[in-house]
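In what follows, a single structure is set out as structure tokens and then discussed.
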Amino acid sequence: MKRAIVSGVGHYLPARIVPNDWFATFLDTSDEWIRSRSGIERRHFAAEGETTSDLATAAARAALDDAGLKPDDIDAIVLATSTPDLTFPATATIVQQKLGMTRGFAFDVQAVCAGFVYALANANGMILSGQAERVLVIGAETFSRIMNWEDRATCVLFGDGAGAVVLEAGEGDGTSADRGILATDLQSDGRYRDILQVSGGVSSSQTTGHLMMAGKEVFRHAVDKLAAATLSVMEKGGVTRDQIDRVVPHQANIRIISRTAAKLGLPMEKIVVTVQDHGNTSAASIPLAMSVAQARGQLKRGDLTVTEAIGGGLAWGAVLLRW
Ligand code: UT7
């Protein structure tokens with residue numbers, strides 16, 4: 001049977017690195033608080049004029065290089081972001097132009113921090129249905145542009161960055177030994193839309209707005225819902241937790257990551273952690289962590305991998321794949 005297989009991965013981080021101490025120069029906060037409550041030590045912020053599509057294009061080039069492909073080998077770009085360059089066109093089409101890609105189609109997916117999981121599941125569907133053979137799946141964000149710099153409870157948590165994977169159609173036996181995406185699970189519940197949202201928008205206020213979050217409430221939902229989505233893809237894929245080689249979780253908070261792992265009975269040695277270096281980069285966090293993990297030797301061809309994320313919506317989900 002047909003499978004959507006990862007054939008390349010790459011990432012890009014803006015040059016400016018901002019340590020926790022920087023926030024203490026204008027807010028009542030400390031490196032100690034940020035580190036102990038979130039696990040974050042530093043994050044990258046985009047330079048003035050550097051846009052989400054710039055970050056995405058650099059990550060896409062790295063993923064294409066890793067796959068040994070050129071832009072015109074790609075049939076589709078699916079880009080997950082909540083911080084687009086413009087209201088329209090889709091940031092994916094801007095990336096298409098910047099890559100010099102003259103064929104195929106490109107569109108954005110908006111599911112906030114779960115965006116990359118949603119994009120991956122949709123790209124998988126396009127490959128399995130024969131709409132595309134090779135899909136560039138990107139997560140890219142410039143959350144520094146929607147921070148309220150007076151709100152110490154949120155502005156210390158987020159960063160900018162981009163990651164990308166190339167998904168290619170391949171053949172498998174239809175078992176969990178196949179490489180590629182083995183199962184997906186997407187969920188959302190709009191009853192919780194106001195616990196994590198941005199205060200502006202085109203149709204409501206004609207402003208961009210700032211991020212607002214009821215952190216404790218989001219935290220509570222996160223552990224339960226991420227564990228449930230992970231169990232769901234393991235069950236759909238017919239694998240047990242002992243078979244999982246690697247977990248690439250959304251990088252929001254080390255306490256969410258470790259509590260979810262504990263709930264699932266998965267040891268921390270199996271969990272990829274990059275939150276200390278990137279902060280929460282929303283839809284970029286998973287492909288960024290995948291790319292860093294592959295470079296560290298933590299993610300190897302054939303590894304049974306699960307990835308999971310939750311964010312505004314609430315929207316969440318998980319994907320089981322063999323790397
Ligand atoms: O990717 C999307 C999903 N988002 C998330 O996963 C975020 C989920 N939530 C979290 O990660 C955590 O809830 C936070 C890191 C946001 C906060 O951690 P917490 O342990 O839930 O702390 P808290 O909000 O209960 O705040 C504890 C105290 C409060 O002071 P009082 O009321 O106890 O006096 C806050 O005002 O810490 C205070 N506080 C700070 N102190 C120093 C909040 N932010 C800061 C800060 N520096 N930056």
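Computed on the range 180-322, with alpha-carbon pairs under 8 angstrom and 6+ residues apart, the relative contact order is 38 percent.
Taking the charge dipole of the chain about its Cα centre, with +1 at Lys and Arg Cβ atoms and -1 at Asp and Glu Cβ atoms, the residue from Val135, Gly49, Asn124 reaching farthest to the positive side is Asn124. At a Förster distance of 56 Å, what's the computed FRET efficiency of Thr102 paired with Asp245, Cβ-Cβ distance as r, to 0.05? Efficiency, from the Cβ-Cβ distance: 0.90.
For Lys2, the lysines whose Cα comes closer than 21 Å to its Cα, not counting residues fewer than 8 places off in the same chain, are Lys236. If you add up the charges near Leu304, with Lys and Arg at +1 and Asp and Glu at -1, over every other residue whose beta carbon is less than 12 angstrom from its beta carbon, what do you get? With Lys, Arg at +1 and Asp, Glu at -1, the net is +3. Taking amide H atoms as placed 1.01 Å from N in the peptide plane, the amide H of Leu299 lies under 5 Å from those of Gln294, each 5 or more residues away in sequence or on another chain. Beta bridges from DSSP with both residues in the chain: antiparallel share about 70 percent, rounded to the nearest 5.
Using a Gaussian network model of the chain in which every pair of alpha carbons under 10 angstrom is joined by a spring, one finds that among Ser199, Ser188, Ser144 the greatest mean-square fluctuation is at Ser199. Sparsely packed loop sites in the range 1-94 (the chymotrypsin sites (Phe, Trp or Tyr not before Pro) outside DSSP H, G, I, E and B with at most 13 other Cβ atoms within 10 Å) comprise Phe26.
Between Asp189 and Arg296, the modelled label-to-label distance comes to 3.1 nm, taking each label 7 Å out from Cα in the direction of the beta carbon. Among the trypsin sites (Lys or Arg not before Pro) within the range 183-249, not one is in coil by DSSP while having at most 10 neighbouring Cβ atoms inside 10 Å.
Asp72 sits among other residues whose Cβ lies under 15 Å from its own Cβ, and their net charge, with Lys and Arg +1 and Asp and Glu -1, is 0. Here the relative contact order of the chain, from alpha carbon pairs under 8 Å that lie six or more residues apart, stands at 26 percent. Mean-square fluctuations from a GNM of the chain, with a 10 angstrom spring cutoff on Cα atoms, peak among Thr91, Thr102, Thr154 at Thr102. Taking a sphere under 13 Å around the Cβ of Ile181 and counting the other residues whose Cβ falls inside, with K and R at +1 and D and E at -1, yields a net charge of +2.
Between Trp33 and Glu269, the simple spin-label model (points 7 angstrom out along Cα→Cβ) gives 3.7 nm. Can you tell me, using C-alpha contacts under 8 Å and at least 6 residues apart, the relative contact order of the range 62-203 as a whole percent? Averaging sequence separation for qualifying contacts and normalising by length gives 24 percent for the range 62-203.
For Thr142, nonlocal amide neighbours, meaning residues 5 or more places apart or on other chains whose placed amide H falls under 5 Å from its own, are Thr83.
In the chain, helices alone account for a calculated mean residue ellipticity at 222 nm of -9500 deg cm²/dmol, with every DSSP H run of four or more residues adding -39,500 (n - 2.57). Answer rounded, prolate or oblate for the chain, using the Cα gyration tensor with square roots of eigenvalues a ≥ b ≥ c: rounded when a/c is under 1.5, else prolate when a/b is larger than b/c, else oblate. It comes out oblate by the Cα gyration axes. Ordering 116-123, 207-214, 79-86, 311-318 by mean Cβ neighbour count within 10 Å, with the highest value first, yields 116-123, 311-318, 79-86, 207-214. Taking a ≥ b ≥ c as the square roots of the eigenvalues of the alpha carbon gyration tensor, the range 224-305 is oblate, as a/c is not under 1.5 and a/b does not beat b/c. Return the single residue from Glu308, Glu48, Glu168 with maximal mean-square fluctuation; model: Gaussian network over the chain, springs between Cα atoms under 10 Å. Of the options given, Glu48 has the highest mean-square fluctuation.
Computed from the coordinates by the stated procedures, all read-outs in this text should not be read as laboratory data. Predicted, not measured: the structure shown is a model, and the values here were computed from it. Ideal geometry is used to build each Cβ from the backbone, glycine not excepted, and the neighbour counts take in all protein chains shown.
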